[in-house]
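What follows is calculated from the coordinates using simple rules that are stated; it is not laboratory data. Nothing here was measured: the structure is a model prediction, and the numbers come from that model. Cβ placement follows ideal geometry from the backbone for every residue including glycine, while neighbour counts extend to all protein chains displayed.
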2 protein chains.
Amino acid sequence: MVSKSQIKLITSLQQKKYRDKTGLFVAEGPKVIAELQTAGLKLYAHFSTEFTNTASEKEVRISEAELQKISFLKSPNTSLAIFEIPKQKEIQTNGLQIALDAVRDPGNLGTIIRLCDWFGVTQLICSPDTADCFNPKVIQATMGSIVRIQIVYCSLSEYIKNSPLPVYGACMEGTNVYSAKYPEEALIVMGNEANGISKEIMGLLHEKITIPQFGVRQDTESLNVATATAILLSEFRRFTER
Amino acid sequence: MVSKSQIKLITSLQQKKYRDKTGLFVAEGPKVIAELQTAGLKLYAHFSTEFTNTASEKEVRISEAELQKISFLKSPNTSLAIFEIPKQKEIQTNGLQIALDAVRDPGNLGTIIRLCDWFGVTQLICSPDTADCFNPKVIQATMGSIVRIQIVYCSLSEYIKNSPLPVYGACMEGTNVYSAKYPEEALIVMGNEANGISKEIMGLLHEKITIPQFGVRQDTESLNVATATAILLSEFRRFTER
């Protein structure tokens, strides 16, 4: 059974304010939960309609009606867990890294985290106004990828100034992405969905890159930030020895 | 004012069955509606909270409460329009084309349509069990791109057998996408979100292509179909003269 205080806690964790306050976040579905456990994340509570013998105090068997009540999903899975937000590891200064300048949509952030996992990006830097990676929508969209990527929220301008990596940015007016060979280690900045990279960060880029448009349309509607990230990561990796 | 029968019609257009029956679909927001009008799509009815002088019989001024009632969106915009589904144009046999084998998610289809527009893909072939391109979620996600792409629903196997184009497919086990130079004119097949390309279509491919994985993870979770499409289109276009 789920107690009233547990329901209150779970519901509150939809909001960043309460995730920050409690140091907890919610994940749903056996697959995502198993991946987070395997990665060593600390389980705080685990609710499932499928437990038969609950081996641990943290495991609570609940009814489908109860799951419906606590789930954030339209079609709830069989289980929901609360995890502790892991402690920040030491910041890496090498490798291929992505920096997000105010990417607001949780779906885009989730897709970008999955892309980072696929392309071996080990650190994702997010400006403080980027969507929160422990947002339930992000957790569900990343399918467990989130445990393999170090995600750091900090001032992008400070980070760039202190980074030894060459800094590239995706812009509407830069050099053609297909015209250069890119280094294995770099920081690639992706901008906000509506406004692109902010003026301050634009001034800190070493090189601006553009994905050329081949279609017939004349407007300035840009590529979606997640698909643009896919293309840039592919271009940076195409010369990498595997 | 919106009449009861208009509300009934609009609500029914959420379902493919009624879109097919009436030959109508719904678009929301001034920007998307304007793009569809500019492209020459035939307007059936137009509801807006902002009309002052309604010049045409088709334009109906409504209250915000009425818009809330008819809108499919969580946060309704200022207007909603009903358009006639355009007639199928003649099938193109040349150019760069994408074929979707049972891509079910409307969000993925919408993203792929935007990508086709960006990369100058003029024809998108969809298997009958692919999401419907006049689904309201697809219409909103494409941001008007849908008017510039010829979308054909038909048997993929028949289409491939009759197409003069070389046929490539995105698979888990194919040649490395970075190892070849691709032709300007081709048909690229993308598979279902969970199962990839079906066995029947797999047997019709001329070449299987794989986007290599660079991350450390060992599981078989593949790239999302929309981001994989972005990367393949980028690879096919990188050698194209603009």
Descending semi-axes in Å of the stretch B:92-142, equivalent ellipsoid built from Cα gyration tensor | 18, 13, 8
Treat the protein assembly as shown as a sphere of radius equal to its Kirkwood radius over Cα pairs and apply Stokes-Einstein at 10 °C in a medium of 1.306 mPa s; give the translational diffusion coefficient in µm²/s, rounded to a whole number.
-> 65 µm²/s
Farthest positive-ward along the stretch A:107-242 dipole, Cα basis, beta-carbon charges - from A:LEU204, A:TYR153, A:ILE139 | A:ILE139
Working note, the stretch A:110-242: Cα radius of gyration (Å, one decimal) and Dmax (Å, whole number) are 14.7, 42
Once the Cα atoms of helix B:106-118 and of chain B are each reduced to a long axis, what angle between those two axes, in degrees from 0 to 90 to the nearest 10, is obtained?
-> 80 degrees
Quick one: pull the percentage of alpha-carbon pairs in the stretch B:54-101 with a separation above 13 Å.
-> 73 percent
Tell me, how many Å apart are the Cα centres for the stretch A:160-179 and for the stretch B:1-52?
-> 43 Å
Inter-label distance, nm, simple model (7 Å from Cα along the C-beta direction), B:GLU207/A:GLN15 = 5.5 nm
The stretch A:1-142: D in µm²/s via Stokes-Einstein (Kirkwood Rh, Cα pairs, 10 °C, 1.306 mPa s)?
-> 98 µm²/s
Cα-based radius of gyration of chain A once divided by 2.2 N^0.38 Å, which approximates compact folds | 1.13
Note down the Stokes-Einstein diffusion coefficient of the stretch A:4-84 in µm²/s, whole number, using a Kirkwood radius over alpha carbon pairs, 37 °C, and 0.692 mPa s.
-> 257 µm²/s
If each part is reduced to its alpha-carbon centroid, the stretch B:70-144 and the stretch A:66-115 end up apart, in Å, by 28 Å
Treating only Lys and Arg (+1) and Asp and Glu (-1) as charged, each at its beta carbon, one finds that the stretch A:96-237 has a dipole about its Cα centre, in Debye to the nearest 20, of 240 debye
In vacuo Debye sum over C-alpha of the stretch A:125-197, base-10 log of normalised intensity I(q)/I(0) at q = 0.21 Å⁻¹, listed in q order, is -1.15
